[in-house]
Amino acid sequence: MMSKRILMLAGDFVEDYEVMVPYQALLAVGCEVDVVCPDKRSGDYIATAIHDFTGFQTYQELRGHNFAINKDFDAVNLDDYDGLFVTGGRAPEYIRLNEKVLNYTRHFFDHDKPVAAVCHGIQVLTAAGVVKGRTLTAYPATGPEITLAGGEWKDVPVTETVIDGNLITSPAWPGHPTLLRAFFDALGIRIG
């Protein structure tokens, strides 16, 4: 089987698990994964955050690890990629302000390539205008954004995944097993 190449969108204060786990899992099944961030070059680092529920009404953000970007943001050739993975955490709220991020995202929908998004990563999708008429899930606090963008937000357990054509979404990192399994299937990667 030919190796699949994945573009991963990330940024400072991406949720630690939501960049580390999919990155490593995709590498483990033989994918090439290019992680990019606006205004960053290969070898630059982004800070990750750990989001944990510690008795407050919402999550608390704690400092995570440094994660190395491995591709220059401006050197991306979209035709080289088989799929897109949009990470979550706080990064999507600001990387979605970059027009290239939105254009990169639209490319995968325009060409019906697999797109996986987790947690707040859906904010990139809503800003790109690609969720109208689609059913998807996300972190519950972003549900209203999906509705305002013309999509249908589906409230599912945090361990579940919603699939709508080429779009694969999960509310948060506990859904990685179902999200990644569905993404692998969409990419034509068979395990076991």
Cβ-based charge dipole, segment 5-187, positive-most Cα from V76, G129, C119: G129
Where labels lie 7 Å past Cα in the beta-carbon direction, separation of M2 and D155 in nm: 4.4 nm
Once both labels are modelled 7 Å past Cα along the beta-carbon direction, what's the E32-A141 spacing in nm? 3.7 nm
Relative contact order as a percentage, segment 106-192, C-alpha pairs under 8 Å and 6+ apart, gives 29 percent
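Length gain on complete extension for the stretch D80 to Q24, per 0.36 nm per residue less the alpha carbon to alpha carbon distance? Walk me through the intermediate numbers first.
Numbers: separation 56, 0.36 × 56 = 20.16 nm, distance 2.00 nm.
Difference between extended and current length: 18.2 nm.
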Which Cα, out of V21, L102, V158, lies furthest along the positive dipole direction of segment 5-187 (beta carbon charges, K/R +1, D/E -1)? V158
Which residue fluctuates most in the GNM of the chain (Cα springs below 10 Å): P114, P171, P140? P140
Across segment 114-122, in residue order, what do the Karplus-derived ³J(HN,Hα) couplings come to in whole Hz, using 6.51 cos²θ - 1.76 cosθ + 1.60 with θ = phi - 60° and x for Gly and Pro? x, 10, 10, 9, 10, 6, 6, x, 4
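Laboratory data are not the source of any read-out in this text; all were calculated from the coordinates shown. All of these numbers come straight from a predicted model, not from anything done at the bench. Cβ: placed from backbone, ideal geometry, glycine included. Neighbour counts: every protein chain shown.
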